[in-house]
Amino acid sequence: MNKVSGFARRSVFIGLSLLLVVFSLSAQKPDRTKPPELGPPPSMKLPPIPRFTLSNGMNVVLMEKHDVPLVQINVLVRSGSAMDPVGKKGLASLTSDMMDEGAGTRDALQLADAIDFLGARISSSAGMHTSVVGLFTPTSKLGEALPLLADVVMRPTFPPSELDRLRKERLTTLLQWHDEPRAIASVKFNSAIFGSKHPYGLPSMGDEKSIRGFTVEDLRRFHGDRFHAGNASMIVVGAVQRGEIQTKLEALFGTWERRTAPSVSWPSVSQVAARTVTIVDKPGAAQSEIRIGRIGVERLTDDYFSIVVMNTVLGGSFTSRLNQNLRETHGYTYGAGSSFDMRPLPGPFLASSAVQTDVTDKALTEFMKELNGILEPITDEELVRVRNYVALSYPSGFQSVGQIASQLNELVTYGLPENYFNTYIEKVLAVTKEDVQRVARKYLDPSKVAVVIVGDLKKIEKGVRDLKLGSMKTESIQDVLGKPPRL
Amino acid sequence: MKVFRLILPLLLSTMLYGQEIRLSIPYERFTLPNGLTVILHEDHTTPTVSVNVWYHVGSGNEKPGRTGFAHLFEHIMFEGSGNVPEGKFDEWLEAAGGNNNGSTNSDRTNYWENIPSNALELALFLESDRLGYLLDAMTPGKVDGQRDVVKNERRQSYENRPYGMASIVISENLYPKDHPYHWPTIGSMEDLSAASYEDVVEFFKTYYVPRNMSMVVAGAINKEETKQLVAKWFSEIPSGNRAQPVLPPHAALSQEKKVVLEDRVQLPRVYMAWHSPAHFAPGDAELDIVASILAGGKNSRLYKRLVYELQIAQDVSAFQFSSKLSSTFWIVATARAGKSLPELQRVIDEEIGKFQKEGPTARELQRAVNQYESSFLGQLERVGGFGGKADLLNSYYFATGNPDYFNEDLMRYKSVDPQDVQSAGQTFLTNARVVLSIVPQGKKELAIP
């Protein structure tokens, strides 16, 4: 064995001070016959999450974190693409995009200059049920950045010239989707699962007709209906003191009007009733984009932790069955996986990959094998590995102010209990093999899924047809996306 | 316990622009008798640790006929070693709550494991086993398996992506055939097919040795314990030799080189690429700032003209792509429907000319510097993964010999001289460039003539 009686002595420059590191030790001989025994995993101790309200009743959730002088502040609004008015698909997304195109007394360029000059970032984007206007700034610039955030949130001006500019930008993006196999697959998959009546089935950017129709009045009305203190919360993470931030937020947001947002209802959707296959032709494609799925489950399901573990076994990590099978065993792809997108209403369950064209049929066979396989009991080794993976890697999602703010977004959006973060690990570790099998059988029925493939039809059609997975149709890109917009 | 330390002037809240803040990632470095350089950094913000290993070899070290090999080899490193059966590298790490990944570029190959602090020894066992005993478990079958995966990576990231072949074509045209940056890190399909088991053995013995690498262990560690563990797992591995430095032939263009590529795209796009100074060489940071002034944000010169005012482009970007031997500077713009690439080029050249003549305004310069400064702060938030503090320490060590080059790096931007920014624009953004037009299939007439 090698014995180390002393290391080279060298001086090491640490920060501002010179330190001479001198140490000696003798190396133990390592035992490589088995992986080293690990001690008990560390526990996660999050700082408290105090909440307070501004005088207009708006809730603020705070997590102080002082290791790096940065702050993330999110204004979280119950507004999103699922609230798009009938015939105005894309309005929530456009409204969010337009909010930093002029606000308060500044036009679009002045506003961008003011933010950029601080080294801060303000981002405004709409999700399906929530919209977030986020500010990321060095703490030293918070005093100057916060009024800009307030302007963007409360006082966007929606200049007509900027609307026209963004309209053209969006129509061009629609045009560019015709090039993108992933965009085509995503649009087709969502409409195959949710149909064209439910907001989950439609592209959140809208279509050519709706984009052409938007007016400044539409934006003003949508913003007025949704963006107000009665429909919003604030999340603050970073190097700030409670008293100081509370005073600042009160001064800037405390007078924000409190109203009631109009109620929204959604059409009911029915679960995928049979297995269907759609090939969208993308001539010359080097790979086939595969999407397989059905309607999943809502975020507040009691089955949440069991589903997380089940999906991780199936397709939620590198060692998951789908990735091991399609990538490591067969070399069909660079990666394969699956996910449940859990929303206030049941969102999609999706298994997906991009596979080389000439193995499209074989890859589909392996997908179906794994979707059926997960209905059977998983092994003890898988259960332990996956529970540990999900539970023990959880603390690594609490490092940056942006990451933590996203975790708090979820907590607030779904009204999760105060102790949610601190009990997450134990709840994951409590999932059993029976739980995994039960939720697999409850939510995954491989005989009732939509299969969407975007690829080179003439090379893949016969092979896919011969699998006899279910009723099959072929479509063109235009069938999915409509005619390319004329610009 | 010493945690991540910020050395700041008295009051952050009264900090003024231009005032000094010293940022630092405190570290301790030692070398094992076999030549392995180890860098330790403590940060107990979350109970996680990152092991980050850089091998000082990249696609620039490849032989003719074996392009893509360094990256293929990176994939093979995850397929098991003498005491780690195939598949267990990932399974054992995941079972401990860990994540891992690796990446290859022209100059280096890096690997990391992010793990809960109790699993540090597992990561050291796995890293040391594949460094010491990879060949004990190597088979031609493993090479074949990852060859297929990598070919699919090439399909997914280049061939099946709109405009995806641009970077490959530009490097081929900027650099002569015998320059290590001529070929792409992903490699050609032919060369990937040709890679053999024997190549794996030779590459491993040449480059994957303690003297040709460095390792950072950062996060919630006890430094003394960590030293013992590193010594335990890595001391027995023979030192090997430092790789011979790559000595590239001279690379320069004497004039503009126009290239046209047809692709399955709706809209034409123009790429302009120039030779520029190597990472950390004089002019490198200045060109980062030029890129920001040209295309960073709504008020940047090219964005404002092309996208905001004239609305003849859908997007524009500019960046200095820094590498060890030499760098490249890029401007990329996509035409709106019905707008032409020559129209875009005319405006781009006008703005470059104006910048060369007038230099940056004070506000433009300060805006760019302030944005760099806050992105530097953002880099201090994460310990592991790509671009985390562990990766940064290795990156600075690799480029400068000083793992904590953080403040020096930041000062390249903060104390930049406006005249130097202007003259970087003058010296490097000349007519000696590659101009690549990517046009819809069958529409070569849309290219820049």
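How many residues, within the stretch A:198-240, are β-branched (Val, Ile, Thr) and surrounded by fewer than 18 Cβ atoms within 10 Å (Cβ to Cβ)? Quick ask: steps written out before the conclusion?
Pass one, the stretch A:198-240, residues β-branched (Val, Ile, Thr): A:211, A:215-216, A:235-237, A:240.
From what is left, the residues that are surrounded by fewer than 18 Cβ atoms within 10 Å (Cβ to Cβ) are A:215-216.
Number satisfying all stated conditions: 2.
Being within 10 Å of chain A (Cβ to nearest Cβ) and either of a type outside the set (Lys, Arg) or under 21 Å from B:Arg66 (Cβ atoms) (or both): is that true of B:Tyr111 here?
Working: within 10 Å of chain A (Cβ to nearest Cβ): no; either of a type outside the set (Lys, Arg) or under 21 Å from B:Arg66 (Cβ atoms) (or both): yes.
Against the criterion (within 10 Å of chain A (Cβ to nearest Cβ) and either of a type outside the set (Lys, Arg) or under 21 Å from B:Arg66 (Cβ atoms) (or both)), B:Tyr111 does not qualify.
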Worksheet item: Pick from the stretch A:306-320 the residues that are touching an Asp or Glu at 6+ places or on another chain (Cβ under 8 Å) and farther than 19 Å from A:Val449 by Cα: which of them is farthest from the other protein chains (Cβ to nearest Cβ)?
Response: A:Ser306
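Select, from A:Val68, A:Val133, A:Val86, the only residue that is among the β-branched types (Val, Ile, Thr) and under 22 Å from the mean Cα position of the chain (by Cα).
A:Val133
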Worksheet entry | Selection within the stretch B:415-449 - surrounded by fewer than 19 Cβ atoms within 10 Å (Cβ to Cβ) and charged (D, E, K, R) | B:Asp417, B:Asp420, B:Lys443, B:Lys444, B:Glu445
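Determine which member of the set B:Arg161, B:Arg211 is touching a Ser or Thr at 6+ places or on another chain (Cβ under 7 Å), surrounded by fewer than 21 Cβ atoms within 10 Å (Cβ to Cβ) and either within 14 Å of B:Ala70 (Cα to Cα) or not assigned by TED's automatic domain parsing to the domain that holds B:Trp330 (or both). Outline the logic, then answer.
On the way: B:Arg161 fails: touching a Ser or Thr at 6+ places or on another chain (Cβ under 7 Å).
Step by step, each of B:Arg161, B:Arg211 is checked, and only B:Arg211 is touching a Ser or Thr at 6+ places or on another chain (Cβ under 7 Å), surrounded by fewer than 21 Cβ atoms within 10 Å (Cβ to Cβ) and either within 14 Å of B:Ala70 (Cα to Cα) or not assigned by TED's automatic domain parsing to the domain that holds B:Trp330 (or both).
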Worksheet entry | Some residue of the stretch A:61-72 being surrounded by fewer than 20 Cβ atoms within 10 Å (Cβ to Cβ), assigned to a loop (DSSP other than H, G, I, E, B) and at the interface with chain B (Cβ under 10 Å from one of its Cβ atoms) | yes
Discussion item. For the stretch A:7-53, which positions are surrounded by 14 or more Cβ atoms within 10 Å (Cβ to Cβ), facing chain B (nearest Cβ under 7 Å) and modelled with pLDDT of 90 or more?
Written reply: A:Pro30, A:Arg32, A:Pro35, A:Pro36, A:Leu38, A:Pro41, A:Pro42
Worksheet entry | Residues satisfying the stated conditions in the stretch B:325-337, i.e. surrounded by 20 or more Cβ atoms within 10 Å (Cβ to Cβ) and outside any strand (DSSP E or B) | B:Ser326, B:Arg336
Item to complete: Go through the stretch A:103-114 and give me each residue that's touching a helix residue (DSSP H, G or I) at 6+ places or on another chain (Cβ under 6 Å) and either surrounded by 23 or more Cβ atoms within 10 Å (Cβ to Cβ) or among the basic types (Lys, Arg) (or both).
Response: A:Ala103
Worksheet item: If you check every pair at least six apart or on different chains, which have Cβ atoms under 8 Å apart with a residue in the stretch A:243-265 that is within 18 Å of A:Val77 (Cα to Cα) first and a residue that is surrounded by 13 or more Cβ atoms within 10 Å (Cβ to Cβ) and among the acidic types (Asp, Glu) second?
Response: A:Ala261/A:Asp225; A:Pro262/A:Asp225
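Does B:Val169 satisfy the condition of being surrounded by fewer than 19 Cβ atoms within 10 Å (Cβ to Cβ), farther than 30 Å from B:Ile237 by Cβ and among the aliphatic types (A, V, I, L, M)? Outline the logic, then answer.
On the way: surrounded by fewer than 19 Cβ atoms within 10 Å (Cβ to Cβ): yes; farther than 30 Å from B:Ile237 by Cβ: yes; among the aliphatic types (A, V, I, L, M): yes.
Judged against the criteria, B:Val169 is a match.
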Fill in: Only one of A:Gly102, A:Gly87 that is farther than 27 Å from A:Gln399 by Cα and modelled with pLDDT under 95
A:Gly87
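Given B:Ser340, B:Ser317, B:Ser322, B:Ser292, which one is touching a helix residue (DSSP H, G or I) at 6+ places or on another chain (Cβ under 9 Å) and either buried (at least 21 other Cβ atoms within 10 Å of the Cβ) or modelled with pLDDT under 95 (or both)?
On the way: B:Ser340 fails: either buried (at least 21 other Cβ atoms within 10 Å of the Cβ) or modelled with pLDDT under 95 (or both); B:Ser317 fails: either buried (at least 21 other Cβ atoms within 10 Å of the Cβ) or modelled with pLDDT under 95 (or both); B:Ser322 fails: either buried (at least 21 other Cβ atoms within 10 Å of the Cβ) or modelled with pLDDT under 95 (or both).
B:Ser292 is the lone residue from the list that is touching a helix residue (DSSP H, G or I) at 6+ places or on another chain (Cβ under 9 Å) and either buried (at least 21 other Cβ atoms within 10 Å of the Cβ) or modelled with pLDDT under 95 (or both).
Per-residue answers, yes or no, for (1) more than 26 Å from the chain's Cα centre (by Cα); (2) of a type in the set (D, E, K, R):
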| site | (1), (2) |
| --- | --- |
| B:Arg211 | no, yes |
| B:Val217 | no, no |
| B:Asn222 | yes, no |
| B:Leu229 | yes, no |
| B:Ser239 | yes, no |
| B:Glu256 | yes, yes |
| B:Val265 | yes, no |
| B:Pro268 | yes, no |
Worksheet item: Within the stretch A:204-244, can you find the residues that are farther than 16 Å from A:Asp97 by Cα and among the β-branched types (Val, Ile, Thr)?
Response: A:Ile235, A:Val236, A:Val237, A:Val240
Response to the item:
Taking the stretch B:75-99 and keeping only residues that are under 24 Å from B:Val201 (Cα atoms), of a type outside the set (Gly, Ala, Ser) and either more than 9 Å from chain A (Cβ to nearest Cβ) or free of Cβ contacts under 8 Å to residues at least 60 places away in the same chain (or both), one is left with B:His75, B:Ile76, B:Met77, B:Phe78, B:Asn83, B:Val84, B:Pro85, B:Glu86, B:Lys88, B:Phe89, B:Asp90
Worksheet entry | Scope the stretch B:282-299; condition of a type in the set (Gly, Ala, Ser), part of a loop (DSSP other than H, G, I, E, B) and within 20 Å of B:Gln419 (Cβ to Cβ); matching residues | B:Gly283
Item to complete: Could you check, for the stretch A:394-405, whether at least one of its residues is buried (at least 19 other Cβ atoms within 10 Å of the Cβ) and either among the hydroxyl-bearing types (Ser, Thr, Tyr) or in the same structural domain as A:Ile73 (by TED's automatic domain parsing) (or both)?
Response: yes
Worksheet, complete the sentence: Cβ pairs under 8 Å, 6+ apart or interchain, first in the stretch B:345-371 and within 14 Å of another protein chain (Cβ to nearest Cβ) and in contact (Cβ under 8 Å) with a residue 40 or more places away in the chain, second crowded, with 16+ Cβ neighbours inside 10 Å and of a type in the set (Asp, Glu), ordered by first then second residue, are B:Arg367/A:Asp113; B:Arg367/A:Asp116; B:Asn370/A:Asp116; B:Gln371/A:Asp116
Item to complete: Output the number of the condition that B:Gly164 fails; it satisfies all remaining conditions of (1) more than 11 Å from chain A (Cβ to nearest Cβ); (2) among the small types (Gly, Ala, Ser); (3) not in a helix (DSSP H, G or I).
Response: (1)
Worksheet item: If you go through the stretch B:29-44 one residue at a time, how many are surrounded by fewer than 19 Cβ atoms within 10 Å (Cβ to Cβ) and facing chain A (nearest Cβ under 7 Å)?
Response: 2
Worksheet entry | B:Val265, sole failed condition from (1) surrounded by fewer than 17 Cβ atoms within 10 Å (Cβ to Cβ); (2) within 14 Å of chain A (Cβ to nearest Cβ); (3) under 30 Å from B:Gly442 (Cα atoms) | (1)
Worksheet item: Does B:Ile438 satisfy being assigned by TED's automatic domain parsing to the domain that holds B:Ala318 and either closer than 22 Å to B:Gly296 by Cβ or at pLDDT below 95 (or both)?
Response: no
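The values are calculated or read from the model by the stated rules, or taken from the named source; none is laboratory data. All values derive from a computational prediction rather than experimental measurement. Every residue, glycine among them, receives a Cβ derived from its backbone with ideal geometry; neighbour counts consider all protein chains shown.
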